[in-house]
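Rule-based calculations on the coordinates, nothing more; no lab input. What you are looking at is a predicted structure, and each value in this text was computed from that prediction instead of being measured. All Cβ positions, even for glycine, are placed from backbone atoms using ideal geometry, and neighbour counts span all protein chains on display.
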Amino acid sequence: MKLMRDPRMKTIDRMAFALTLILVGVVGRILLFKYANFETVLVVSLLAGALLGRVYALVVPIVTMAISDALIYLLGFGGQFGIVAILGISLFTWTGFLFVGLMGTRLKGKVITVTKSIALITGTGLIATLIYDIWTTLGFWYFLRPHTLESLTHVYAMLAPFTVYHLMSSLMFIPLIGTIFTYVHENGIPQLNIAPIAGKSDEENGFTEACPALPSSSQRHPSSLPAWSPSPGGPSSWPPTSSPSP
Amino acid sequence: MSLKDMRERNKAIIFGIIVMVGVLGLALLGSFIIGQPVERSEIEGVGIRLSGDSWTVDCSMERTTNNTVYRLLEECAETNGFEIEGTVWEPYDAIFVDSINGLENGQGRFWQYYVNEKYGEISSDRKGLSDGDQVEWRWEDPQI
């Protein structure tokens with residue numbers, strides 16, 4: 001598997017892919033809001049960089065944060081911080097996720113197997129989580145705490161439980177969401193398709209009643225079948241175990 | 001299934017196990033750092049003072065089983081007839097106090113507690129109290 005921008009992927013496909021990443025990032029962040037430090041923005045930022053390239057590594061985190069921040073503040077959270085603190089902390093969180101996206105772009109061009117790809121993305125994501133927490137804690141201290149060394153030390157000393165749960169979030173969501181998106185990026189969206197049994201008519205295959213609009217099997221072009229459909233020549237597997245050749 | 005596919009499947013299984021062990025380990029570590037909820041026990045001679053923007057409330061308890069900073073605050077609120085608002089943050093199972101007696105966190109000021117003049121470093125519902133402890137809640141700029 002190549003963790004690089006797929007040259008076969010059209011711009012419109014990449015945009016749809018990026019929009020899906022943004023959707024996952026926004027919905028995950030809102031749904032998990034009460035579970036502080038459990039979030040999906042980090043994983044989508046990382047995947048945008050790893051799978052789509054540098055432009056999307058910048059666009060996906062920024063748009064995800066802009067939409068989700070707007071929703072969160074519209075819901076009334078954060079009013080106690082004041083506008084300066086909110087903007088200041090946003091500067092740190094947004095740039096933190098931008099950095100994660102750029103870390104993702106470092107994974108481009110790695111030619112490895114499926115499992116190794118996900119392991120590499122997960123490992124990078126865990127390092128990115130640590131860097132993100134250290135960076136954003138600095139912003140929290142700068143905008144919400146007294147500017148003393150004692151305060152800075154205290155804030156970092158109190159970071160441990162939050163970072164532990166943030167690492168846990170990354171360890172759960174990066175393999176889960178990463179596997180799905182990496183698979184779709186490489187193979188396209190799986191479609192439920194009932195392929196005809198070789199040597200049987202459409203009626204025998206049940207196409208006539210269920211799918212009257214479908215052309216008969218003799219008229220159907222082989223290329224319209226998905227790559228993993230059972231082929232008359234041999235066995236097939238689901239899911240496909242290798243990427244289709246270009 | 002080819003040999004290559006079998007190897008890939010085995011790698012995926014091993015990776016899945018590593019991830020599950022990692023998640024479990026982090027969950028245990030987080031739970032260890034946060035600590036267990038404080039068991040109820042009777043304490044004596046404790047007091048609590050609330051210092052708002054222009055008001056103070058004092059409560060003293062000869063004996064009570066409300067042996068955490070938050071439980072003591074609840075007891076004082078019940079005795080004096082005012083309300084407390086807070087948010088429970090998962091997965092920390094910790095309460096963040098948003099408002100006491102109608103005075104909300106805001107304008108850069110927050111409700112923060114001290115036990116025997118020492119700044120509270122953990123959630124108030126996790127901070128256990130001993131005989132004679134004096135608690136103070138102050139609505140102030142963060143001090144640390």
Taking every C-alpha to C-alpha distance in segment B:35-144 and binning by 5 Å from 0, the per-bin percentages run 2, 12, 24, 26, 21, 11, 3, 0
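Looking at segment A:79-155 from every direction and averaging, what is the projected area of its Cα convex hull in nm²?
Numbers: hull surface 25.5 nm².
Projected over every direction and averaged, the Cα hull of segment A:79-155 covers 6.4 nm².
Only Cα pairs under 8 Å and at least 6 apart count here; give the relative contact order of chain B as a rounded whole percent.
On the way: 216 pairs, mean separation 36.6, N = 144.
25 percent.
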Shielding by partners for B:26-34, please: the mean number of other protein chain Cβ atoms within 10 Å of each residue's Cβ.
5
Equivalent-ellipsoid semi-axes (√(5λ), Cα gyration tensor) for segment A:2-187, whole Å, largest first?
30, 18, 14
Taking every residue in A:163-169, how many Cβ atoms of other protein chains lie within 10 Å of its Cβ, on average?
6
Beta carbons within 10 angstrom, averaged per residue: use that to sort the peptides B:129-140, B:35-46, highest first.
B:129-140, B:35-46
Just the Cα atoms of segment B:1-98, one point each, no solvent: what log10 I(q)/I(0) does Debye give at q = 0.11, 0.12, 0.22, 0.23 Å⁻¹?
-0.56, -0.61, -1.15, -1.20
Here the relative contact order (percent) of segment A:91-162, from C-alpha pairs under 8 Å and at least 6 apart, is 35 percent
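Taking N as the number of residues in segment B:55-97, what is its alpha-carbon radius of gyration divided by 2.2 N^0.38 Å?
Values: Rg = 11.9 Å, N = 43, 2.2 N^0.38 = 9.2 Å.
Normalised Rg, Cα atoms only: 1.29.
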